[in-house]
Amino acid sequence: MRIKKGFTLIELVIALVILAILSAIAAPRFIKLKHNARSNTMQSVSATLSSLNHMLTGLASIDGLEREQTTTLKIEGREIQLQYGNLGVAKTSEITAQDISHVTFLETEALKRVSEKAEDEFGVVVFSKQQFFVTHPGMSVLDDCFVEYFPETSPTLIAEINVVVTGC
């Protein structure tokens, strides 16, 4: 009587076919999970910016700055750019990224162009000094996974925050 050790070739082929079928089923679900995670992250960034604006409006109101077109508010030793009491768009991506990192828990890095990808942190790029974008780590604005921020342009309007997640 022979003792059988290992798999036969047929058993190995069947196991590989089963694994291939399982991976074909699991791959789209994994990709969808990745998209959902990135989308939810960008929704959280939007909520963070909205909460930040509420906080800054309150602090600006205490100092009587909520009606000023452009001003700064000192928070923990740093001058934060404000427009009508809300977070303003600074002249450069570096300043805006530092302002956001200083007053939130978001770790940000400054990007020079909308086509530039963020490395390990959220990317911040100022566009035409009238708006800025916050991108997901590893993505650029052109990848369609970002939060777009338009500051207030008058005391009667509120800051506009749009979330684009089609490319996440």
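The values are calculated or read from the model by the stated rules, or taken from the named source; none is laboratory data. Given the structure is predicted, the values throughout are model-derived calculations rather than measurements. Virtual Cβ from ideal backbone geometry, glycine too; neighbours counted across all protein chains shown.
Checked against the criterion of being hydrophobic (A, V, I, L, M, F, W, C) and surrounded by 15 or more Cβ atoms within 10 Å (Cβ to Cβ), the candidates 20, 60 yield just one match: 60.
One residue alone among 98, 69, 43, 81 is modelled with pLDDT under 90 and either within 18 Å of the chain's Cα centre (by Cα) or surrounded by 20 or more Cβ atoms within 10 Å (Cβ to Cβ) (or both), and that residue is 98. Cβ-Cβ distances below 6 Å connect the following pairs, each with a first residue in segment 129-157 that is free of Cβ contacts under 8 Å to residues at least 60 places away in the same chain and under 19 Å from residue 50 (Cβ atoms), a second residue that is surrounded by fewer than 21 Cβ atoms within 10 Å (Cβ to Cβ) and of a type in the set (S, T, N, Q), and a separation of six or more residues or different chains: 148/162; 150/131. Looking across segment 111-132, the residues that are buried (at least 19 other Cβ atoms within 10 Å of the Cβ) and either under 29 Å from residue 67 (Cα atoms) or among the acidic types (Asp, Glu) (or both) come down to 124, 125, 126, 132. Evaluate the following for residue 148: is it assigned to a strand (DSSP E or B) and not aliphatic (A, V, I, L, M)? Answer is yes for this residue.
Taken together, the criteria exclude residue 7 from residues that are in contact with a helix residue (DSSP H, G or I) (Cβ under 9 Å, 6 or more places away or on another chain), loosely packed, with under 11 Cβ neighbours inside 10 Å, part of a loop (DSSP other than H, G, I, E, B) and at negative phi.
Could you please give the count of residues in segment 97-128 that are farther than 22 Å from residue 59 by Cα and in contact (Cβ under 8 Å) with a residue 60 or more places away in the chain? Residues meeting the conditions: 1.
For residue 41, indicate whether it is among the hydroxyl-bearing types (Ser, Thr, Tyr), closer than 26 Å to residue 133 by Cβ and touching a His at 6+ places or on another chain (Cβ under 9 Å). Yes, satisfied.
Of all residues in segment 81-119, those that are in a loop (DSSP other than H, G, I, E, B), among the charged types (D, E, K, R) and farther than 19 Å from residue 138 by Cα total 1.
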